[in-house]
Amino acid sequence: MTTTTIDMHAADLRRALHAVLPFTGQDDSEHPAMLRVHLATIGRRLTLTTSDRYTIAHAVILADQAMPSPASINADDARVLLALLDSKKEDRGTVQLEVTDSRIAIALHDSRAEVRRRDWEGRVVDQFHKILAKLPTKDAADLSGMVAIQPRYLTAIAAASVSDDEQWMPDPVRMCFGGPNEPIRAEVGDWLLAAIMPVRVAQGADAHVAAPQLAEQVAR
């Protein structure tokens, strides 16, 4: 069994997991890919991607080497890893991400947490990236009507803008609206990108704007 060990800053991995986990599905047995955190590497950048069909969160952190292949872990298992990182919140050191064919573990000094992994079809991450590539890059002049965003997404994005290091100012949150029926693009610094399908407010009743067709394909 081959083990790939990837080093990264503990604070970066902790921040990324906190940012993407609120965007996972909520007990959606028909779409199991939505209940997972998808991991991949692009060069020396580790990406963590989640979606609940109405939103996507995509975090990027620096790592010292690439994973052998994309992988995914259950969101609840990801929270187990996050619990260890939270317990060592004051640690500014390096965490080791250990990846094998059957498990993913993190080691932080004398502490360790391990969960089972499950490979997912590569198309899931590829489709996520296609959706993110189509997000608006500038405000639409014809945006009309009132839209709302679920508070848990705003809370996650706002929290992601704040560093554990109190000496650093919060990163600005940039939001871009492509139109009344289009996903909202939200960015924090250069490491977090989110696509959020708004909730349309009409006659006092909230209704989800339909998810993009591509997102539905990912869900299936």
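Computed quantities for the displayed model
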item: Of all residues in segment 179-200 being outside any strand (DSSP E or B) and at pLDDT 70 or above, the one that is nearest to Arg15 (Cα to Cα); result: Trp191
item: Hits in segment 79-110 - residues which are more than 19 Å from Thr3 (Cα to Cα) and within 20 Å of the chain's Cα centre (by Cα); result: Arg79, Val80, Leu82, Ala83, Leu84, Leu85, Asp86, Lys89
item: Residue match in segment 73-94 (condition: part of a loop (DSSP other than H, G, I, E, B), touching a helix residue (DSSP H, G or I) at 6+ places or on another chain (Cβ under 9 Å) and either within 23 Å of Leu135 (Cβ to Cβ) or without any contact (Cβ under 8 Å) to a residue 60 or more places away in the chain (or both)); result: no
item: Unique match (being of a type in the set (A, V, I, L, M, F, W, C), surrounded by fewer than 15 Cβ atoms within 10 Å (Cβ to Cβ) and out of contact with any Leu (no Cβ under 7 Å at 6 or more places or on another chain)) among Val80, Val99; result: Val80
item: Condition check for Ser51: over 19 Å from Ala156 (Cβ atoms), among the small types (Gly, Ala, Ser) and surrounded by 22 or more Cβ atoms within 10 Å (Cβ to Cβ); result: no
item: Count of segment 27-54 residues which are part of a loop (DSSP other than H, G, I, E, B) and either touching a Pro at 6+ places or on another chain (Cβ under 8 Å) or more than 16 Å from Ile196 (Cα to Cα) (or both); result: 7
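Per-residue answers, yes or no, for (1) touching a strand residue (DSSP E or B) at 6+ places or on another chain (Cβ under 8 Å); (2) among the aromatic types (Phe, Trp, Tyr); (3) modelled with pLDDT of 75 or more:
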| position | (1), (2), (3) |
| --- | --- |
| Gly122 | no, no, no |
| Ile131 | yes, no, no |
| Lys138 | yes, no, no |
| Gln150 | yes, no, yes |
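The values are calculated or read from the model by the stated rules, or taken from the named source; none is laboratory data. In this text, all values refer to a predicted model and were calculated from it rather than measured experimentally. Virtual Cβ from ideal backbone geometry, glycine too; neighbours counted across all protein chains shown.
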